[in-house]
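J.: Just passing along the structure, written as structure tokens.
The values are calculated or read from the model by the stated rules, or taken from the named source; none is laboratory data. Since this is a predicted model, take the numbers as computed values, not measurements. Virtual Cβ from ideal backbone geometry, glycine too; neighbours counted across all protein chains shown. With ligands, DNA and RNA removed, areas are computed over all heavy atoms of the protein, side chains included. Shrake-Rupley method; radii C 1.70, N 1.55, O 1.52, S 1.80 Å.
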Amino acid sequence: MKGKGKRAAIAGGILVVLGGTGAAQEGGSAKPASEMRRAIEWKQFEYTCEGGAKLTVYLHNETVKVGYKDKTYLMKQVMAGSGTRYSDGKTVWWSKGNGGFLQEDAADGNGAMIVKGCELNTPLNASGTGTITGTVTYLQRMALPPTAVIEVELRDVSKADAAAEVVAKESLTAGERQVPIAFTLPYDPGKIEASHRYSVGARILVDGKLRYASDQAYPVLTKGNPAKAELVLKAVQP
């Protein structure tokens, strides 16, 4: 007999659904790898809605799965005058920019609202990339040379017994600017897991030598933390 099954896992903000037949066939031979079904990757987005309600959207091409309270809605993208609209014929998920709402589908577009005022926990820019903003500064009264390099990193600090994983990194040159220096750190939302902890760190190099570095964690993105951080660096003794 042939056994069939599916299993799902969320890794790096992507829901992966694996499906296929049992390995055994008549004669005990394994099914060729080329005949196995390809994994489906779902990008995961977390929203906070009116009244603090939580809503999760899984996106794959023109299909979404919307999880709200104890229900999951599987929808296909449909025509919309503005924004992006998905429907299963009974319920609509309508998103525009970093916001969205869930309501009952109606011909006149005035179906009963299920939940509204939903905003992405990790805002995206126009290209669909997440961004973390903030400033880098230090307390010493010392000017930076124009060639100074500021490096900002987004790190996954979930594992207490392992080194933090760098999720995203951005470098900028000081030029004529002095601290506090503003930064924008882009990252891939698909690499973010709601159950993980993330922080931002930075350092400043002068002529390739480390001069300033952050010595504390600045939590961002998950666990109710914002997508913004004001980093205060400490001088590093040569």
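J.: Report every pair of residues separated by at least 6 positions or lying on different chains whose Cβ atoms are under 7 Å apart, first residue within segment 161-186 and of a type in the set (Ser, Thr, Tyr), second open to solvent by 80 Å² or more (accessible area, probe 1.4 Å) and at pLDDT 95 or above.
T.: Thr173/Thr147
J.: So, one more: Does Thr122 meet the test of being buried (at least 18 other Cβ atoms within 10 Å of the Cβ) and farther than 24 Å from Ile192 by Cα?
T.: no
J.: Only one of these is of a type in the set (A, V, I, L, M, F, W, C) and open to solvent by 80 Å² or more (accessible area, probe 1.4 Å): Ala182, Ala112, Ala107. Name it.
T.: Checking each option against the conditions leaves just Ala107.
J.: Could you look through segment 220-235, keep only residues that are open to solvent by 10 Å² or more (accessible area, probe 1.4 Å) and modelled with pLDDT of 95 or more, and pick out the one that is farthest from Asp156 (Cα to Cα)?
T.: Ala235
J.: Let me ask something else about it. Mind checking which residues of segment 127-164 are open to solvent by less than 80 Å² (accessible area, probe 1.4 Å) and modelled with pLDDT under 90?
T.: Hits for segment 127-164 are Gly128, Thr129, Gly130, Thr131, Ala162.
J.: Further question: Could you tell me how many of the residues in segment 68-85 are part of a strand (DSSP E or B) and either open to solvent by 50 Å² or more (accessible area, probe 1.4 Å) or at pLDDT below 95 (or both)?
T.: Total meeting the criteria: 8.
J.: Still on this structure, please answer the following. Restricting attention to segment 39-61, report how many residues are open to solvent by 100 Å² or more (accessible area, probe 1.4 Å) and either among the β-branched types (Val, Ile, Thr) or at pLDDT 90 or above (or both).
T.: 2
J.: Please list, ordered by residue number, the strands (runs of 3 or more DSSP E) wholly in segment 124-230 having 1 or more residues that are closer than 27 Å to Tyr47 by Cβ.
T.: Because the criterion is at least 1 residues that are closer than 27 Å to Tyr47 by Cβ, the strands (runs of 3 or more DSSP E) in segment 124-230 that meet it are 130-138, 149-156, 165-173, 181-187, 198-206, 218-220.
J.: Would it be correct to say that Asp156 is under 28 Å from Lys54 (Cβ atoms) and of a type in the set (Asp, Glu)?
T.: It is true that Asp156 is under 28 Å from Lys54 (Cβ atoms) and of a type in the set (Asp, Glu).
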